[in-house]
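Trainee: This is the structure I want to talk about, given as structure tokens.
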Amino acid sequence: MLLEDIRFLVTQDEERRILTDVDLLVEDGRIDEIGEDLSAPGERIDCSGKAVMPGLVNSHTHAAMTVFRGVSDSKLLQGWLEEEILPREDRLEGEDIYFGTLMGIAEMLLTGTTCFNDMYLMEGEVARAVDHAGVRAVLSYGMTDEHGMREPLEEVERLITGYKDHDLIEPAVGPHAPYTCSTEFLRKAGETAEEHDVPLHIHLSETEEENERILEAEGKTPAEYLDSLGLLGPRTVAAHCTHLNGADIEILEERGAGVAHNPAANLKLGSGIAPVPGLEGVDVGLGTDGMASNNNHNLFEEMKFASLVQKLEDPREMSAQKVLDMATIDGARVLGLEDRIGSLEEGKRADILTVELSSPELSPVNKPEDLISHLVFSFSGNVSDTMVEGDLKVRDGELTELDIDEIRGEVEDRRGRIDGESA
Ligand code: NI
């Protein structure tokens with residue numbers, strides 16, 4: 001497939017080049033060549049009025065929670081979790097998770113996300129949805145042994161052995177958080193991730209209350225505590241990190257752990273704001289978190305939030321380019337996928353989105369710098385085309401494969417059942 005006459009190609013390469021009037025050739029799911037006047041047989045997409053950029057990377061979400069969108073909009077995290085979410089999660093069936101995830105994926109594809117890092121219950125159902133939709137994902141069971149042992153480590157081993165050779169799915173280990181897992185369980189989860197050499201995905205220092213609980217129980221901050229158990233390293237993806245002190249940041253830097261920043265969910269649950277400008281030596285990606293605390297999967301919106309929450313303190317912080325990096329190449333690095341995705345360069349996987357530039361919200365766009373600012377601060381996120389590994393999943397703003405009416409019907413019925421039982 002040839003993307004031809006691209007008006008702006010946002011490469012996100014080392015020099016952050018934006019090329020104009022070039023072609024991009026996709027072959028065998030990879031970016032074969034970028035250059036002028038390329039020719040190739042097969043499908044062509046006229047990109048003379050479009051920007052073309054890397055597919056976005058959502059570095060922390062719980063896609064199946066799309067089925068809970070909007071259940072509670074005005075509670076603190078602990079009440080939200082214990083009164084609204086956990087009782088509903090106890091009633092979840094496998095197919096709720098499957099269809100909830102498909103709805104989340106549909107939304108992600110329509111807003112340009114091609115890869116997401118997920119943690120949830122019955123993650124095998126999430127994997128089935130991801131495989132069906134043909135998107136890229138890092139998948140982990142959200143494990144805890146405090147609310148009853150919800151996902152034993154044998155299930156995790158099954159996910160890892162079942163998907164370790166899959167083209168698009170990276171299995172991972174996901175102990176839910178320092179405050180929902182026992183010390184011994186956390187240690188075992190860390191060993192499992194190391195043994196299989198897969199990512200370790202965990203919530204960390206999401207709220208002040210979590211910090212107080214861990215400090216009281218362990219005499220350490222959550223970051224120090226996880227570090228003492230050997231859980232912080234280059235394979236770690238630590239979600240939130242809203243309450244880190246200077247010593248915690250040094251630990252993350254030294255260990256090479258990555259952070260997934262979720263500004264919308266952190267604002268909505270009043271959890272705090274991660275000190276992103278202070279995390280210069282740490283790879284930081286962007287996540288949406290779940291749909292009961294955001295409430296959408298639109299990473300364009302998340303980029304704007306990530307910038308604005310820091311600009312409140314200092315408008316010179318968090319440029320459009322910086323947050324675009326977080327949603328692309330830096331997010332890929334957090335997930336250990338930077339050799340494959342996150343930028344548009346020859347040899348990388350063809351995870352690509354295109355944006356039609358004719359809409360008023362993107363005008364005027366006279367030069368490349370205008371474009372990056374518009375994409376972050378003005379664009380709604382409704383992309384024109386989305387491609388994963390060379391396959392078009394969205395074409396002219398419409399899903400090519402997923403049947404959105406069927407998925408919506410399933411999700412509405414299932415949500416009705418779940419809410420009905422909670423009355
Ligand atoms: Ni989360």
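Trainee: Taking the condition of being under 16 Å from ALA51 (Cβ atoms) and among the β-branched types (Val, Ile, Thr), how many residues in segment 378-401 meet it?
Mentor: Adding up the residues that qualify gives 3.
Trainee: Another question, then. So ALA193 clears everything in (1) touching a residue at least 12 places away in the same chain (Cβ under 8 Å); (2) away from the ligand (no atom under 15 Å from the Cβ); (3) open to solvent by 10 Å² or more (accessible area, probe 1.4 Å) except one condition, right? Which one?
Mentor: If we test ALA193 against (1) touching a residue at least 12 places away in the same chain (Cβ under 8 Å); (2) away from the ligand (no atom under 15 Å from the Cβ); (3) open to solvent by 10 Å² or more (accessible area, probe 1.4 Å), just (3) comes out false.
Trainee: A further question follows. Please go through segment 295-318 and pick out each residue that is open to solvent by 30 Å² or more (accessible area, probe 1.4 Å) and either out of contact with any Asp or Glu (no Cβ under 9 Å at 6 or more places or on another chain) or outside the structural domain of PHE68 (by TED's automatic domain parsing) (or both).
Mentor: Matches in segment 295-318: GLU301, LYS304, PHE305, LEU308, LEU312, GLU313, ASP314, PRO315, ARG316, GLU317.
Trainee: Could you tell me how many of the residues in segment 295-305 are within 16 Å of the ligand (Cβ to nearest atom) and within 22 Å of GLY336 (Cα to Cα)?
Mentor: Selection size over segment 295-305: 3.
Trainee: Let me ask you something else. Test of understanding: among ALA292, ALA257, ALA223, ALA217, which residue is within 16 Å of the ligand (Cβ to nearest atom) and assigned by TED's automatic domain parsing to the domain that holds ALA177?
Mentor: Going through ALA292, ALA257, ALA223, ALA217 in turn, the sole match is ALA292.
Trainee: Those residues that are open to solvent by 10 Å² or more (accessible area, probe 1.4 Å) and within 20 Å of ARG136 (Cβ to Cβ), I need them from segment 384-403; list them, please.
Mentor: The answer is SER384, GLU389, GLY390, ASP391, LEU392, LYS393, ARG395, LEU399, THR400, GLU401, LEU402.
Trainee: Next up: Which one of these is open to solvent by 10 Å² or more (accessible area, probe 1.4 Å), over 16 Å from the mean Cα position of the chain (by Cα) and not aromatic (Phe, Trp, Tyr): THR161, THR144, THR180?
Mentor: Result: THR161 is the single residue among THR161, THR144, THR180 that is open to solvent by 10 Å² or more (accessible area, probe 1.4 Å), over 16 Å from the mean Cα position of the chain (by Cα) and not aromatic (Phe, Trp, Tyr).
Trainee: Continuing with this model, one more query. Can you pull out the residues in segment 272-288 that are open to solvent by less than 10 Å² (accessible area, probe 1.4 Å) and either over 21 Å from LEU335 (Cα atoms) or within 14 Å of the ligand (Cβ to nearest atom) (or both)?
Mentor: Selection gives ALA274, GLY285, LEU286, GLY287, THR288.
Trainee: In addition: Which of the helices (runs of 4 or more DSSP H) contained wholly in segment 296-336 include at least 1 residues that are under 18 Å from the mean Cα position of the chain (by Cα) and under 18 Å from SER373 (Cβ atoms)?
Mentor: It comes to 299-311, 320-327.
The values are calculated or read from the model by the stated rules, or taken from the named source; none is laboratory data. On a predicted model such as this, the values are computed, not experimentally measured, just so you know. Cβ coordinates were reconstructed from backbone atoms using ideal geometry, including for glycine residues, and neighbour counts include every protein chain displayed. Ligands, DNA and RNA are excluded from the accessible area calculation, which covers all protein heavy atoms including side chains. Shrake-Rupley method; radii C 1.70, N 1.55, O 1.52, S 1.80 Å.
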